[in-house]
Amino acid sequence: MGRLVAILATLDTKGPEALFLKDILTSAGLDVVVIDLSILNEPLVRPDIPREDVLRELSLDPKEFLSRVRDGRLRRDEAIKLMGLGASKILTKLIKELGGVIGIGGNQGTAAASIAMKVLPIGIPKIIVSTVASGNIRPYVEYKDIMIMFSVADLEFGPNTISKLVLTNAANAMIGMVRGLKYLDIDKNVRRVAITTLGSTGGLTRRCVYALKELGFEPIVFHASGAGGSAMEELIESGFFTAVLDLNLHELVGEVIPDDIYRPMKPRLINSLRLDIPLVVVPGSINYLVFGPPDTIPSKYLGRQTHYHNPYNTNVRLSREELLTVAEHLCSKFNSVGRSVKAKLIIPLKGFSVLDIPGGPLYKPDDDVEFINYLVRSLSSLVGISEVNANINGSEVFNEVLTSFKTLVNA
């Protein structure tokens, strides 16, 4: 079990804070290596791995790099990205002894640390104490298991009453995670099934989870919120799953309309089709956009049917034209394979979520009929299709999903 903790920091501004963290971690019996990610001034404290070594991982000349940053020939964002990539190579080399990684920073340090951490597999503890943790942190986290902790006070000018408290909590969290560290179980004897869901298709998901457990499978559910589907795709690509129940395709809306806040960061559906693992697809939550609070909805979508899910999540019905574009996009994924696949598309004829039942806030059946007709008309004959006269959360759809799953798995 790895007991080494790497600290990532721009030591030209966060040196004393990095040493404060190191002292807590070493006093707990952990080995610690401090990696310097600074790009401007000289480090305030001595690193265990200097920035020169980070740059050499990318075959870059440190003196030339720093000169180009300081005189403006190399943009700051590009320099920060390179430091993160160089640090990721160092973390990869340390992987066998690595118990966790903790980064501290403002906007720049958070960016560099997150780029470095993303190379690590699920399960290795990753913490960033950041001054920008209360903003839009999706670019930093993406679909990785990175814990972001708001620093409250700035992380500069030496530790103070507030920053000491926050950094101590972060260090203690890392100590606990390292001591209890367990690596991702990749036992090939366990038959795992990936499932996508949102709350609006939860009825179908719950039935499938219970049924799969009874059949001896381990269902692992992913929230189709952009990050969830992307994490699932990476695991599918690694061969982690026996089969996939892609019951919620909302992220395809984000692939077509980037305004949707649930757009994925990895292409959806492609890996299951390419690897030809058993795949059951249901177009759940396919007919609406997801935004944040109501005042964040772009003006061009105002006046449409709207569901106010919670104070921070608002759903807006797609136009017919947008819905047909999503249908075209879905068909292109299936049709691009060019061969018979272990896949079945199940189409509920009475709604794709709990929101578009009769009387529901997003009920617009005529548009859904056009969507369905497009799929049936345009999908390759190599793709199996079942139409079920029920809402996605109905027992009829569940029965068809389970029957199709059993057929594909046993084929």
Worksheet, complete the sentence: Among the Cα-Cα pairs of the range 192-409, the proportion with separation greater than 24 Å, in percent, is 37
Worksheet item: What is the set of long-range amide H partners of I148 at a cut-off below 5 Å, with H atoms built 1.01 Å from backbone N?
Response: I128
Discussion item. So if I average 1/r over every pair of distinct C-alpha atoms in the range 4-179 and take the inverse, what Kirkwood radius in Å does that give?
Written reply: 15.8
Worksheet item: Which value, in debye to the nearest 20, gives the size of the charge dipole of the range 274-411 about its Cα centre, when Lys and Arg are +1 and Asp and Glu are -1 at the Cβ?
Response: 380
Worksheet entry | Read-out volume of the Cα convex hull per residue in Å³, derived from the coordinates shown; its label in (i) 165; (ii) 190; (iii) 131 | (i)
Discussion item. How tilted is helix 365-378 with respect to the longest principal axis of the chain? Cα atoms for both, answer in degrees (0 to 90, nearest 10).
Written reply: 90
Worksheet entry | 3J(HN,Hα) from dihedral phi, the range 395-411, Karplus parametrisation 6.51/-1.76/1.60, rounded to Hz, x for glycine, proline | 5, 5, 5, 4, 4, 5, 4, 5, 4, 5, 4, 4, 5, 5, 5, 8, 5
Item to complete: Pick out, from I95, I115, P16, the residue whose Cα sits farthest towards the positive end of the charge dipole of the range 6-117, with +1 on the Cβ of Lys and Arg and -1 on the Cβ of Asp and Glu.
Response: I115
Response to the item:
When M265, M177 are arranged by how many other beta-carbons sit within 10 Å of their Cβ, fewest first, they go M265, M177
Item to complete: Please give the peptides 28-40, 213-225 ranked by average Cβ packing (other Cβ atoms within 10 Å per residue), highest first, as a rough proxy for protection.
Response: 28-40, 213-225
Response to the item:
the range 238-290: spread of alpha-carbon positions along the three principal axes, whole Å, largest first, is 32, 20, 14
Worksheet item: Among L212, I257, I236, whose Cα lies farthest out toward the positive end of the dipole of the range 192-409, if unit charges sit on the beta carbon of Lys, Arg (+1) and Asp, Glu (-1)?
Response: L212
Practice prompt. Give the long-range amide H neighbours of I347: residues separated by 5 or more places, or on another chain, with amide H under 5 Å away, using H modelled in the peptide plane at 1.01 Å from N.
Written response: S386, E387, V388
Discussion item. Show log10 I(q)/I(0) for the range 107-224 at q = 0.09, 0.10, 0.11, 0.23 Å⁻¹, two decimals, from a solvent-free Debye sum over equal Cα scatterers.
Written reply: -0.39, -0.47, -0.55, -1.25
Worksheet entry | Phi-based couplings in Hz for the range 258-268 (Karplus 6.51, -1.76, 1.60; Gly and Pro marked x) | x, 4, 5, 6, 9, 5, x, 9, 10, x, 8
Practice prompt. Hey, could you grab the Kirkwood Rh for the range 314-389? Inverse mean 1/r over distinct alpha carbon pairs, Å, one decimal.
Written response: 13.3
Item to complete: Mind ranking 79-88, 328-337, 55-64 by how tightly packed they are, going by the mean number of other C-beta atoms within 10 angstrom, highest first?
Response: 79-88, 328-337, 55-64
Worksheet entry | Lys pairs, the range 133-284 - Cα-Cα below 26 angstrom, 8 or more residues apart or on other chains | 6
Worksheet item: For the chain, what proportion of DSSP beta bridges, expressed in % and rounded to the nearest 5, is antiparallel?
Response: 15
Worksheet, complete the sentence: Amide H proximity to F240 below 5 Å, modelled H, separation 5+ or other chain, gives none
Fill in: Cα convex hull of the range 176-264, projected area averaged across orientations, nm²
7.3
Worksheet entry | the chain, dipole about Cα centre (Lys/Arg Cβ +1, Asp/Glu Cβ -1), debye to the nearest 20 | 580
Worksheet entry | For the chain, calculated [θ]222 nm from helices alone, where every DSSP H run of n ≥ 4 adds -39500 (n - 2.57) | -12500 deg cm²/dmol
Worksheet item: Taking θ as phi - 60°, what are the ³J(HN,Hα) couplings along the range 26-35 by the Karplus curve (6.51, -1.76, 1.60), each to the nearest whole Hz, with x for Gly and Pro?
Response: 5, 5, 8, x, 9, 7, 9, 10, 9, 10
Worksheet item: Taking the Cα centre of the range 192-330 as origin and charging only Cβ (+1 Lys, Arg; -1 Asp, Glu), how large is the dipole, in debye to the nearest 20?
Response: 320
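Every read-out reported here was derived from the displayed coordinates using simple, explicitly stated rules and does not represent laboratory data. From a predicted model like this one, the values you see are computed outputs, not experimental measurements. For neighbour counting, all protein chains shown are included, and Cβ atoms are generated from backbone atoms with ideal geometry for every residue, glycine included.
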